[in-house]
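Written out below as structure tokens is the structure these notes cover.
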Amino acid sequence: MRKIIHVDMDAFFAAIEIREDPSLKGKCLIVGGSPNSRGVVSTCSYEARKFGVHSAMPCSQAWRLCPQAIFVRPNFGLYREASAQIREVLNRYTPLVEPVSLDEAYLDVTANLINEPDSMVIARRIKQEILEKTRLTCSVGVSFNKFLAKIGSELQKPDGLSQITPENAPEILFALPIGKFHGIGNVTAAKMQKMGIHTGADLYEWSAADLANHFGKMGLFFYNAVRGIDEREVISYREPKSISCEHTFNEDISDMQELVQNLKELVERLVIRMHNKQIQGKTIMLKIKYENFELITRSYSLSQSTADEKTILKHAQKLLVENWDESRKIRLLGVGLSRLDLGSDASGEQLFLDI
Ligand code: TTP
Ligand code: MG
């Protein structure tokens with residue numbers, strides 16, 4: 001049986017703002033856009049939540065619900081800094097840390113770096129160390145799979161610690177309102193309510209086939225989840241070393257124009273992916289596979305990182321022209337970038353949208 005821990009910071013952005021300006025403590029604090037703007041609430045203090053304010057709500061609505069609230073704009077630099085400190089703490093316990101967002105991560109501590117068999121001991125130490133390092137509280141769930149660890153971390157927020165064991169899991173799951181099941185969003189929850197599924201106990205009554213019928217693959221996930229079964233592994237994040245796109249042609253190509261056209265399309269695809277992942281890179285790589293499967297890669301390094309389509313295409317094309325042995329047909333072409341800058345899209349807000 002695995003030992004999984006889920007850590008989730010309490011009112012993360014708001015807690016950091018309060019730490020920076022203690023006069024905000026105990027007040028209704030809303031982090032996000034300005035009250036009369038079209039922006040939304042990123043998060044708010046627990047005091048503001050009592051008035052019904054929550055993440056993703058339009059600021060104007062939050063203002064109506066809680067006119068005394070203090071609105072502050074997000075400081076992403078601070079949030080990233082705290083997130084890195086938290087990650088440092090977590091990494092001391094296991095190499096299997098899977099960050100979900102800036103303020104949330106799963107850990108697999110089945111085997112761990114301090115050789116502690118009791119995951120509750122580890123959880124308490126993590127809470128204490130995060131508090132010491134960041135002066136922020138978090139809530140932690142301890143269980144034997146990711147689904148239950150996540151539920152555990154929400155059971156006693158803020159500053160909570162809960163353990164879900166095979167013994168207490170049925171009781172907790174059966175009583176859980178369906179909207180609190182991780183993975184069940186508003187739309188699915190509404191659909192389930194209509195089907196008479198309001199709690200875990202209701203969900204438990206449904207067969208795998210019927211759930212699959214109504215909810216596809218997720219239906220099967222829910223069927224298992226309510227039985228305390230979730231086989232998903234904790235996957236530690238590794239920063240990508242490179243990003244690339246390649247294409248194997250239907251027929252081997254020996255025409256330069258055709259090759260350049262294909263290269264253009266590859267670069268287009270590459271740039272979209274880089275843009276979505278907010279990645280820039282310094283070294284442009286070209287990969288050529290000849291008809292006899294012989295593979296060559298060539299690269300060119302720029303002095304500065306780029307994600308610019310024209311720049312990448314220009315250098316990739318140059319690499320192709322300079323390195324292609326024209327007496328041989330090409331079977332596959334690939335283009336990519338390495339020496340990457342991650343999340344380097346100047347504005348913090350862009351990076352944040354990835355959460
Ligand atoms: P959450 O962990 O969902 O919320 P939280 O940490 O503020 O509060 P809780 O105590 O309930 O965990 O999200 C973490 C941060 O991510 C949150 O502080 C702000 C940001 N965020 C948004 O900007 N928009 C959103 O819609 C959500 C859900 C979060
Ligand atoms: Mg949180």
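So the values come out like this:
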item: Label-point separation in nm, ASN168 to GLN257, each point 7 Å along Cα→Cβ; result: 7.3 nm
item: Relative contact order computed over the chain (Cα-Cα under 8 Å; 6+ residues apart), in percent; result: 14 percent
item: The chain, helix-only ellipticity at 222 nm - DSSP H runs n ≥ 4, -39,500 (n - 2.57), divided by all residues, nearest 500; result: -12500 deg cm²/dmol
item: Choice from MET274, MET256, MET120 showing the highest fluctuation, given a GNM over the chain with Cα pairs closer than 10 Å; result: MET256
item: All-pairs alpha carbon distance profile, the range 13-75, 10 Å steps from 0, percent; result: 28, 59, 13
item: The range 120-204: trypsin sites (Lys or Arg not before Pro) in DSSP coil with no more than 13 other Cβ atoms inside 10 Å; result: ARG135
item: Cα centroid of the range 193-214 to Cα centroid of the range 275-300, whole Å; result: 48 Å
item: Loop GluC sites (Glu not before Pro), the range 195-276 (other Cβ atoms within 10 Å of the site Cβ: 16 or fewer; DSSP); result: GLU205, GLU231, GLU233
item: Segment GLN128-LYS314, length gained on full extension (0.36 nm per residue, minus Cα span); result: 61.7 nm
item: Listed pairs LYS146/LYS282; LYS157/LYS241; LYS150/LYS282; LYS150/LYS277 exceeding 31 Å between Cα atoms; result: LYS146/LYS282; LYS157/LYS241; LYS150/LYS282
item: Surface per residue (accessible, 1.4 Å probe) for the chain, Å²; result: 52 Å²
item: GNM result for the chain, Cα springs below 10 Å: residue of PHE293, PHE215, PHE51 fluctuating most strongly; result: PHE293
item: The range 287-343 - percent relative contact order, Cα under 8 Å, separation 6 or more; result: 53 percent
item: In the range 212-247, the trypsin sites (Lys or Arg not before Pro) that fall in loop regions by DSSP, at most 16 other Cβ within 10 Å; result: ARG227, ARG232, ARG238, LYS241
item: For the chain, built as a Gaussian network whose Cα springs stay under 10 Å, the top-fluctuating residue of VAL100, VAL187, VAL53; result: VAL187
item: Spherically averaged projected area in nm², based on the convex hull that wraps the Cα atoms of the range 136-245; result: 9.6 nm²
item: Taking all pairs of distinct alpha-carbon atoms in the chain, Kirkwood radius in angstrom; result: 23.7 Å
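The values are calculated or read from the model by the stated rules, or taken from the named source; none is laboratory data. Predicted model only: the values in this text are computed from it and were never measured. With ideal geometry, Cβ positions are generated from the backbone for all residues, glycine too; neighbour counts draw on all protein chains shown. Ligands, DNA and RNA are stripped out before the accessible areas are found, and what is left, the full protein with its side chains, is counted by its heavy atoms. Shrake-Rupley method; radii C 1.70, N 1.55, O 1.52, S 1.80 Å.
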